[in-house]
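The values are calculated or read from the model by the stated rules, or taken from the named source; none is laboratory data. Note that this is a predicted model, so its numbers are computed, not measured. Here the Cβ positions follow ideal geometry from the backbone for every residue, glycine too, while neighbour counts run over all protein chains shown. Accessible surface areas use protein heavy atoms only, side chains included; no ligands, DNA or RNA. Shrake-Rupley method; radii C 1.70, N 1.55, O 1.52, S 1.80 Å.
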Amino acid sequence: GEKVEQHESTLSVREGDSAVINCTYTDTASSYFPWYKQEAGKSLHFVIDIRSNVDRKQSQRLIVLLDKKAKRFSLHITATQPEDSAIYFCAASPNSNNRIFFGDGTQLVVKP
Amino acid sequence: AQTIHQWPVAEIKAVGSPLSLGCTIKGKSSPNLYWYWQATGGTLQQLFYSITVGQVESVVQLNLSASRPKDDQFILSTEKLLLSHSGFYLCACPGEKNNQAPLFGEGTRLSVL
């Protein structure tokens, strides 16, 4: 089955800098890649996703890049703010209705 | 709009006692449903998934069981809780439309003492 690896377990950046979280996947059938944010004590909330028919997607300060050849995708958070501090999970799936396979999460800390 | 409601919000239970956690979906018919478990500060572990009423597939064995008694309901239970069952339990389903990301419930925090 699919295995998603999230390379940074923790990431600390200064407010205003960019943060990059990298993930890799193993199954070439995976075509849908959502990202979730989990604030302390709360559930997962969707932040952005990308499908395999594009290699870049942006939503305000969030950019997702997808390299299908390398089976790698990444989340870029620009102009970070303290409220961006949370655990971020990457995930992969054959499509959004099928099972979602998660990475282990990255704890992002944005220091003022 | 599609919603997921989980109950209870939190539970404190004794080792060896029974447990039942619930999840109800509104706004989507015959959804795939999933139970996840997250140890404190830990990774997400998928426990069960169900594609229809009466059908549940186990992903990992944690001395828990799940049932799908109705199209919009998914139940997680055990007869005897272990200390290792403590954590955060999340229910999830596909997004409202086919191109939307899966939606998670607000979770149930379980402490086993």
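Restricting A:Glu83, A:Glu8 to those that are among the charged types (D, E, K, R), open to solvent by 50 Å² or more (accessible area, probe 1.4 Å) and outside any strand (DSSP E or B) reduces the list to A:Glu83.
Using the structure shown, decide if A:Ser96 is more than 12 Å from the chain's Cα centre (by Cα), facing chain B (nearest Cβ under 10 Å) and either at pLDDT 95 or above or farther than 25 Å from B:Ala92 by Cα (or both). So A:Ser96 does not fit the description; no.
The residues in segment A:57-80 that are in a loop (DSSP other than H, G, I, E, B), of a type in the set (A, V, I, L, M) and either within 19 Å of A:Ser12 (Cα to Cα) or under 13 Å from the mean Cα position of the chain (by Cα) (or both) can be counted, and the count is 1. Being open to solvent by less than 50 Å² (accessible area, probe 1.4 Å), more than 9 Å from chain B (Cβ to nearest Cβ) and at pLDDT 95 or above holds for only one residue in A:Leu44, A:Leu65, A:Leu75, and it is A:Leu75. Which residues, taken from segment A:24-39, are of a type in the set (S, T, N, Q) and at pLDDT below 95? If the condition is that a residue be of a type in the set (S, T, N, Q) and at pLDDT below 95, then A:Thr28, A:Ser30, A:Ser31 are the ones that fit.
Among the residues of segment A:25-33, is there at least one that is in a loop (DSSP other than H, G, I, E, B) and open to solvent by less than 20 Å² (accessible area, probe 1.4 Å)?
Here is the first cut: in segment A:25-33, the residues in a loop (DSSP other than H, G, I, E, B) are A:26-31.
When the remaining residues are screened for being open to solvent by less than 20 Å² (accessible area, probe 1.4 Å), the result is A:30.
Yes: segment A:25-33 contains one or more residues that are in a loop (DSSP other than H, G, I, E, B) and open to solvent by less than 20 Å² (accessible area, probe 1.4 Å).
Of B:Gly42, B:Gly95, B:Gly22, B:Gly16, all but one fail to be at pLDDT 95 or above, assigned to a loop (DSSP other than H, G, I, E, B) and either of a type in the set (D, E, K, R) or open to solvent by less than 50 Å² (accessible area, probe 1.4 Å) (or both); the exception is B:Gly16.
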